[in-house]
Amino acid sequence: MNPKRHTKKIFKGSASALRIALVVSRFNQQITDKLLEGAVQCLRDHGVPEKNRKLIFCPGAFELPQVANRLARQKKWDAIICLGAVIRGETPHFEYISAETARGIQDVALHFSLPVVFGVLTTNTERQALARAGGVKGNKGWDAAWTALEMAALFRMLNRKSR
């Protein structure tokens with residue numbers, strides 16, 4: 001199966017009409033800034049105008065689902081992208097934050113039937129995070145934005161077909 005063929009079918013030039021919210025954790029900002037750059041570049045590359053984007057910063061990854069929940073309640077976004085970075089430390093804090101952030105983001109997506117994308121790096125080291133935030137492993141922020149565009153277009157298509 002060729003994923004690019006299927007992607008073209010989903011988009012059909014409709015990305016310019018999509019409304020996308022981005023929620024970015026300020027914790028580990030040297031990494032999340034790079035994730036944000038990648039996400040914004042992807043949205044630009046695919047024609048999402050600045051007027052159709054909203055950018056909100058929150059303190060840390062744990063707060064991402066809370067902000068996503070408030071945005072989802074507005075019922076004006078086609079997708080919400082959550083960007084953050086949680087790096088393992090010497091205590092179990094990493095496991096709690098990672099698991100609850102993932103669960104919270106998924107809960108918002110399921111509750112509101114809305115694409116809420118998990119663009120949160122969970123790595124063992126800062127080096128691994130930097131490699132995934134524009135380094136040798138690509139930019140997971142760009143990937144998260146791509147997922148948001150694809151899911152938003154898919155949801156629009158499914159809504160049309162259900163009428």
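The values are calculated or read from the model by the stated rules, or taken from the named source; none is laboratory data. The structure displayed is predicted, hence computed values, not measured ones. Glycine gets a Cβ as well: all are built from the backbone with ideal geometry, and neighbour counts include every protein chain shown.
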Practice prompt. Tell me, yes or no, whether region 106-113 has at least one residue that is among the acidic types (Asp, Glu) and at pLDDT 95 or above.
Written response: yes
Response to the item:
Counting only strands (runs of 3 or more DSSP E) entirely within region 61-163, those with at least 2 residues that are β-branched (Val, Ile, Thr) are 79-87, 116-123
Response to the item:
Result of the Cβ filter at 7 Å on region 7-35, keeping first residues that are at pLDDT below 95 and part of a strand (DSSP E or B) and partners that are surrounded by fewer than 22 Cβ atoms within 10 Å (Cβ to Cβ) and charged (D, E, K, R), at least 6 apart or interchain, is none
Worksheet entry | Qualifying residues in region 110-138 (those that are touching a residue at least 40 places away in the same chain (Cβ under 8 Å) and surrounded by 21 or more Cβ atoms within 10 Å (Cβ to Cβ)) - the one farthest from the chain's Cα centre (by Cα) | 129
Worksheet entry | When residues of region 133-163 are limited to those that are over 16 Å from residue 118 (Cβ atoms) and among the basic types (Lys, Arg), the one modelled with the lowest pLDDT | 163
Worksheet item: Among the residues of region 82-96, which ones are among the β-branched types (Val, Ile, Thr) and under 16 Å from residue 129 (Cα atoms)?
Response: 86, 87
